[in-house]
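The values are calculated or read from the model by the stated rules, or taken from the named source; none is laboratory data. As the structure is a computational prediction, the values presented were derived from the model and not from experiment. Every residue, glycine among them, receives a Cβ derived from its backbone with ideal geometry; neighbour counts consider all protein chains shown.
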Amino acid sequence: MQGKQLPKWNEIPPGGAILEPGNSVKRPTGDWRTFRPIIDKEKCVRCLLCWVYCPDAAIKIIDEPYRTASGKEWKFSVEVDYTFCKGCGICVEECPVKAIEFVEEVK
Amino acid sequence: MSRIEIRWHGRGGQGAVTAAVIVAEAAIAEGKYAQAYPEFGAERRGAPVRAYTRVDTNPIYTRAPIRNPDVVVVLDPSLPKELYLEGLKSGGYLIINTKKSVKEVYESIGRSDIRVAVVDATRIALETLGVPIVNTAMVGALVRVVPIARIETIEEVIRASFSGRLAEANISAVRRAYEEVKVST
Amino acid sequence: MQEVKWRRLPLNSNYAVAYAVKDCDVDVIAAYPITPQTTVVEKLSEFIANGELDAEMIHVESEHSALSAAIGAAAVGARTFTATAAQGLELMHEMLHIASGLRLPIVMTIATRALSAPISIWCDYSDLMNTRDASWITLIASSAQEVYDSVIQAYRIAEDPRVLLPVMVAYDGFIMSHTYEPVYVAENPEVIREFVPRRKTWLTLDPDKPITLGPIANPDWYYEIKYQQVVAMEEAYKVIKEVDEEFGRRFGRSYGVIEKYRIEDADIVLLTYGGLFGTVREAIDAMRKRGINVGGLRLRLWRPFPAEEIIESVKGKKLVIVLDRAISYGARIAGPVALELMSTMYRMSEKPEVLSVVVGIGQRTVTEEDIAEITALGMKYLEEKRVPNQTIYWGVRA
């Protein structure tokens, strides 16, 4: 039984309170993913709507300038944090310029 | 003094509940035990209302309603007599606000086994308070007829619950009724 | 330690609650008016307006919100209070479980009232009995003095680190909530505040030290967390007695978890709760004068149930008559306390007979004569060896 490793009733804080803040980093939900969003840095207009909508805070804003093929200069880039992205596809749905591709994971 | 149970009859807005509470407060202030409670739920102006006071020198435990009172106090003479005479103990007191004499009251109620006290509380209230709110006058009549609290204690309670001029006017009403009440012999 | 100075005031039970809440220096009050509870909160508003109590009064739009606000306030460490009755308590029901599940030491008073429909504003205990399994400690008082004292004790019990459960203090709606009687209240509330010192005993929300209260618990976790409440109730039983004894030593009044009246030599015991016990007590005196060997037991603590004390008190008796003012519809033994008593007695080797009687529903009058007649009926059943294994509905027109 898995229960064996779990704490006893008197080892759990009263009412099941969680005393340590920010513990979601301990749960890498990236392995739940069956489809992977991939941001096309060429098409991306850096509007950050994906960052707004992502329910798992798995959109990273990277301090990395980018120059597009047409010569447009961006001061930063946007990437998906695959450790936590669980592949819900909300960013794909919300992207106004269709810059996020959604491809099946091959494991 | 053993236990005395009083039932008050008035109409909504005449202050029967306040009168019941004033008497209990005075008895409690004198170190006695008392309960005062309204007829629960009837809070409509003009409707017949009842309130109750129970006083004892020993602790009171019962919470059963008073059904056979020792004393009935009637604030409004227009109430039907069947209403206020109901359950009044033989040998008990009917204290009534009326312009009638003791003899006339006896004639109208048809009971000779009780004692009757009359006071024209409406006139007293109009002359002291300027409004026909007779409850404090009836308290004055009650404590004269049935010694459950001293008139001085009643006055203290009234001073603590009403402000300045209103308190003094009510105390005048209490004293006038205390003096003017007439009891059957 | 400063000595307490008492003032003997004519108060009804609603006002007695308000004085106790003021004397415990409560921080947050959230309530919604409902008869017959309303004057509790009216009086508290007066205390706040007069500057006698420094508390936040939250006016809410429903009882569900009242308890929700109290839960929020308690979760940040405030000493909180709310009060309700009848439908208000029903509307709160969901939040009752949240308050106890989060282990928040909220104190609530209930002026008990019959449930609609049909609408009744009058007293019975059907509202309180519906909260039986909500994991709230439940005290039922029988005088305005006991209401005052119990509310003070309630904060000590609830905030004890061994307990951390919410507490309800119940008393008869109207029959007690609106009846004036003498009550000793502290003239120097500092002394009461010494008895209920402010201690941060429970987990609270603090932006500087964030924690999570009330997370989801999956099947691997939920059971253990609810079992904590089982243990907390067991602990509470000891704490309730300790607090009551300490209150007695400090202030000269204590009540125990049950009250016994003339039961030592009694063959027949009348068991009830709330204001009705006073009437039962005087009925017992009258019956004793007529040579009937009858005594009284009052259940002051309903949850946790004082099983040991009850068993000890009914041992060797011939008959226990349980007077319940609530109905568990569809149960053969429909009086909630009668049912509890019978299950508690199940393992006793020699147990008394139990007669379950429902009285006072929707504040149907109960007099000393009713009590005497019920006792006579019980004695007759006992003599004829046919105490019914079902509830008697006393006084119903049939």
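Computed values, structure above
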read-out: Of all residues making up segment C:328-384, the number that are in contact (Cβ under 8 Å) with a residue 24 or more places away in the chain, part of a helix (DSSP H, G or I) and within 21 Å of the chain's Cα centre (by Cα); value: 9
read-out: Among the candidates C:I240, C:I175, C:I225, C:I152, residue that is out of contact with any helix residue (DSSP H, G or I) (no Cβ under 6 Å at 6 or more places or on another chain) and β-branched (V, I, T); value: C:I175
read-out: So A:I18, is it touching a strand residue (DSSP E or B) at 6+ places or on another chain (Cβ under 7 Å) and either within 14 Å of another protein chain (Cβ to nearest Cβ) or closer than 30 Å to C:L164 by Cβ (or both); value: yes
read-out: Criterion (farther than 30 Å from C:S142 by Cβ, buried (at least 18 other Cβ atoms within 10 Å of the Cβ) and free of Cβ contacts under 8 Å to residues at least 60 places away in the same chain) met by exactly one of B:V134, B:V105, B:V119; value: B:V105
read-out: Residue count for segment B:70-79, restricted to those that are part of a loop (DSSP other than H, G, I, E, B) and either touching a helix residue (DSSP H, G or I) at 6+ places or on another chain (Cβ under 7 Å) or within 14 Å of chain C (Cβ to nearest Cβ) (or both); value: 1
read-out: C:E181 more than 14 Å from chain A (Cβ to nearest Cβ), surrounded by fewer than 19 Cβ atoms within 10 Å (Cβ to Cβ), more than 22 Å from C:P105 (Cα to Cα) and in contact (Cβ under 8 Å) with a residue 60 or more places away in the chain; value: no
read-out: Candidate set from segment A:59-73 (those that are assigned to a loop (DSSP other than H, G, I, E, B) and in contact with a strand residue (DSSP E or B) (Cβ under 8 Å, 6 or more places away or on another chain)); member that is nearest to A:K41 (Cα to Cα); value: A:T68
read-out: Filtered residues of segment C:60-112 (kept if surrounded by 19 or more Cβ atoms within 10 Å (Cβ to Cβ), of a type in the set (V, I, T) and under 23 Å from C:S177 (Cβ atoms)); value: C:T80, C:T82, C:T84, C:I106, C:V107, C:T109, C:I110, C:T112
read-out: Within segment B:72-84, considering residues that are closer than 19 Å to B:D120 by Cα and among the hydrophobic types (A, V, I, L, M, F, W, C), the one farthest from the chain's Cα centre (by Cα); value: B:L79
read-out: Test: residue in segment C:202-225 that is assigned to a helix (DSSP H, G or I), assigned by TED's automatic domain parsing to the domain that holds C:A134, of a type in the set (A, V, I, L, M, F, W, C) and exposed (fewer than 13 other Cβ atoms within 10 Å of the Cβ); value: no
read-out: Residue within segment B:80-93 that is hydroxyl-bearing (S, T, Y), in a strand (DSSP E or B) and touching a strand residue (DSSP E or B) at 6+ places or on another chain (Cβ under 7 Å) present; value: yes
read-out: Unmet requirement for B:R63, which otherwise passes all of (1) away from chain C (no Cβ under 14 Å); (2) assigned to a loop (DSSP other than H, G, I, E, B); (3) surrounded by 21 or more Cβ atoms within 10 Å (Cβ to Cβ); value: (1)
read-out: Residues within segment C:385-398 that are assigned to a loop (DSSP other than H, G, I, E, B) and surrounded by 15 or more Cβ atoms within 10 Å (Cβ to Cβ), tallied; value: 4
read-out: Matching residues, segment A:21-54, being exposed (fewer than 10 other Cβ atoms within 10 Å of the Cβ) and facing chain C (nearest Cβ under 9 Å); value: A:G22
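Residue-by-condition table, conditions (1) part of a loop (DSSP other than H, G, I, E, B); (2) within 17 Å of the chain's Cα centre (by Cα):
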site: C:Y237; (1), (2): no, yes
site: C:E246; (1), (2): no, no
site: C:A266; (1), (2): yes, no
site: C:L270; (1), (2): no, no
site: C:F277; (1), (2): no, yes
site: C:M287; (1), (2): no, no
site: C:G295; (1), (2): no, no
